[in-house]
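Report on one structure; see the data block that follows.
The values are calculated or read from the model by the stated rules, or taken from the named source; none is laboratory data. Computed from a predicted structure; not experimentally measured. Neighbour counts run over all protein chains shown; Cβ positions are idealised from the backbone, glycine included.
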Amino acid sequence: MKIAVVLPQDEKMHAYYGGAIARWVAQVYLHRSGDINFTVFSTHFQKKGAYPVPVQGHGFLSRFIQPLLRFPKNDTITLRGLFWMAYLCLTTNHFKGYDAVHIHNQVHYAVWLRKLGYQGKIILHMHNTVQTFLPDRSQWPRLYQSIDMALFCSHFVLRSARNGFEPILPKTAVVYNGVQLSAHNLPPERQALTLLFAGRLVKEKGLLEAMEILAELRKRGIQAILNVAGAAGFATSKITPYMALAQERADAINAHYGAATIRFLGYRSHEALLEEMARSRVFLFPVLWDEPFGMVMVEAMSTGTPVVASRRGGIPEVLQDVGTLVDEMKPSVWADALQPYLQDNAFWEAQSKAALQHVQENFGWPKISADYEGTLRLGLG
């Protein structure tokens, strides 16, 4: 079986400049069994530091279509994706020789491929909800009729896609995100009272809420600190109005409790972020939206760092019975949940071991890759 994997036009097949989708594709490829062949199609990226996978579509010509790729993300009737799909159809003779085209997240790619005359099988893989990319539900039937199989990063995302469209949604399956299982991320000792917040620094991720939680712990006399790792986007130093507001609040908290109470670490490479997770006592995830999966939680647990998170979206499915889920966005409730992790070493040890075991049993890349290949054989074979 031969699969053409099409990345979003703004996703680079690169360990530093790429995001979670590029990492998923790279790790699934590197852990494949060998009887399914994958070719990745990506727009231009820096080759130094790129993932060691076969990539096409990123050559000299693709640089000239970069300005044509910047269209709004949230509607299939826009031109976003048209030029990228047209370029790939032209240079691959409509993906001749491939058994299927595997599209990640970009729902409009599937529609454009059909409009461009592609008649082969299409797999749509959603790492976010369909509604995120296509808010107009009246357009969902056209999307579902364009694809042959749909993969989802969690049952939560699958249920969201099915809602009212069960009769026309094609074959479906859930394939989780994964992590590299390695003991080298575990340091000899941790920073006993350090909380870590990591991710995109946007409102829905709950950075301001994390700061208020930290302030509540300080009010209780717990000398916790909060490290913030992340940026507005991948490998960017852009300062947004939200980030400026967060910095202002952090300055106020630091002025009251001490200069290093909240520290901004900036954007971190994947390896550097794992090391930061391994040094932390707890990973704090107070999101304000229905998180589809929560990849950073799994990465934190892979280093033995317990997670305290909002009970939203796919988070309960991912954590299952490890870590702590919080129902209310009140600093006092979150502080209550965090105190045992910060003050009870026996409790923390048990939670750390449970988190590590949970990840080893459910989210290692060899298992995720095998699950994916098995799904392809059943769905396309």
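Does region 110-125 contain at least one residue that is of a type outside the set (Lys, Arg), at pLDDT 95 or above, surrounded by 16 or more Cβ atoms within 10 Å (Cβ to Cβ) and within 22 Å of residue 291 (Cα to Cα)?
yes
Could you pull out the residue among 317, 361, 349 that is charged (D, E, K, R) and in contact with a His (Cβ under 8 Å, 6 or more places away or on another chain)?
317
Taking into account only those residues within region 31-55 that are polar (S, T, N, Q) and farther than 23 Å from residue 376 by Cα, which is surrounded by the fewest Cβ atoms within 10 Å (Cβ to Cβ)? Spell out how you get there, then give the answer.
Residues of region 31-55 that are polar (S, T, N, Q), as a first pass: 33, 37, 39, 42-43, 46.
The next check asks that each one be farther than 23 Å from residue 376 by Cα; those that pass are 43, 46.
On the way: 43: 20, 46: 10.
This residue is 46.
Within the set of pairs 6 or more residues apart or between chains, which connect a residue that is closer than 20 Å to residue 267 by Cα inside region 3-25 to a residue that is in a helix (DSSP H, G or I) with Cβ atoms less than 6 Å apart?
11/21; 11/22; 13/22; 20/295
Scan region 357-381 for residues that are small (Gly, Ala, Ser), out of contact with any Lys or Arg (no Cβ under 7 Å at 6 or more places or on another chain) and buried (at least 18 other Cβ atoms within 10 Å of the Cβ) and jot them down.
Passing the criteria: only 364.
In region 86-122, what residues are among the hydrophobic types (A, V, I, L, M, F, W, C), in contact (Cβ under 8 Å) with a residue 60 or more places away in the chain and not in a loop (DSSP other than H, G, I, E, B)?
First, pick out the residues of region 86-122 that are among the hydrophobic types (A, V, I, L, M, F, W, C): 86, 88-90, 95, 100-101, 103, 107, 110-113, 116, 122.
Filter once more, so that each one left must be in contact (Cβ under 8 Å) with a residue 60 or more places away in the chain: 88, 95, 100-101, 103.
If the condition is that a residue be among the hydrophobic types (A, V, I, L, M, F, W, C), in contact (Cβ under 8 Å) with a residue 60 or more places away in the chain and not in a loop (DSSP other than H, G, I, E, B), then 88, 100, 101, 103 are the ones that fit.
Could you say which residue among 235, 215 is at pLDDT 95 or above and either of a type outside the set (D, E, K, R) or within 20 Å of the chain's Cα centre (by Cα) (or both)?
That would be 215, the only listed residue that is at pLDDT 95 or above and either of a type outside the set (D, E, K, R) or within 20 Å of the chain's Cα centre (by Cα) (or both).
Those residues that are more than 21 Å from residue 339 (Cα to Cα), in contact with a helix residue (DSSP H, G or I) (Cβ under 8 Å, 6 or more places away or on another chain) and charged (D, E, K, R), I need them from region 253-289; list them, please.
Once the filter is applied, which keeps residues that are more than 21 Å from residue 339 (Cα to Cα), in contact with a helix residue (DSSP H, G or I) (Cβ under 8 Å, 6 or more places away or on another chain) and charged (D, E, K, R), region 253-289 yields 268, 275.
Could you please find all residues in region 210-237 being part of a helix (DSSP H, G or I), in contact with a Leu (Cβ under 8 Å, 6 or more places away or on another chain) and within 13 Å of residue 338 (Cβ to Cβ)?
Those that are part of a helix (DSSP H, G or I), in contact with a Leu (Cβ under 8 Å, 6 or more places away or on another chain) and within 13 Å of residue 338 (Cβ to Cβ): 210, 213, 214, 217.
Quick check on residue 139: is it among the polar types (S, T, N, Q), at pLDDT 90 or above and within 24 Å of the chain's Cα centre (by Cα)?
no
I need the full set of residues from region 161-206 which are part of a helix (DSSP H, G or I) and either closer than 21 Å to residue 368 by Cβ or over 20 Å from the mean Cα position of the chain (by Cα) (or both), in order please.
161, 162, 183, 184, 185, listed by residue number.
How do the pairs read when you match residues in region 296-319 that are at pLDDT 95 or above with residues anywhere that are of a type in the set (Val, Ile, Thr) and assigned to a loop (DSSP other than H, G, I, E, B), using Cβ under 8 Å and keeping only pairs 6 or more apart or on different chains?
Matching pairs, first to second residue: 301/322; 306/322; 307/322; 309/287; 310/287; 312/287; 313/287; 315/287.
Considering only residues that are surrounded by fewer than 17 Cβ atoms within 10 Å (Cβ to Cβ) and hydrophobic (A, V, I, L, M, F, W, C), look in region 238-263 and name the one that is farthest from the chain's Cα centre (by Cα).
Taking the candidates together, the pick is 255.
Can you tell me which residue in region 240-263 is farthest from residue 222 (Cα to Cα), limited to those that are of a type in the set (S, T, N, Q) and in a helix (DSSP H, G or I)?
247
For region 299-336, how many residues meet the condition of being surrounded by fewer than 19 Cβ atoms within 10 Å (Cβ to Cβ) and closer than 19 Å to residue 193 by Cβ?
Summing the residues that are surrounded by fewer than 19 Cβ atoms within 10 Å (Cβ to Cβ) and closer than 19 Å to residue 193 by Cβ in region 299-336 gives 3.
Which of the residues spanning region 310-343 are in contact with a Phe, Trp or Tyr (Cβ under 7 Å, 6 or more places away or on another chain) and farther than 17 Å from residue 227 by Cβ?
Answer for region 310-343, where residues must be in contact with a Phe, Trp or Tyr (Cβ under 7 Å, 6 or more places away or on another chain) and farther than 17 Å from residue 227 by Cβ: 310, 312, 313, 314, 317, 318, 326, 340.
Cβ-Cβ below 8 Å, separation at least six or inter-chain, first residue in region 234-256 and on the phi > 0 side of the Ramachandran plot, second modelled with pLDDT under 95 and surrounded by 10 or more Cβ atoms within 10 Å (Cβ to Cβ): which pairs?
235/16; 235/17; 235/267
Restricting attention to region 160-172, does a residue exist that is among the polar types (S, T, N, Q) and under 25 Å from residue 26 (Cβ atoms)?
Yes, that holds for at least one residue.
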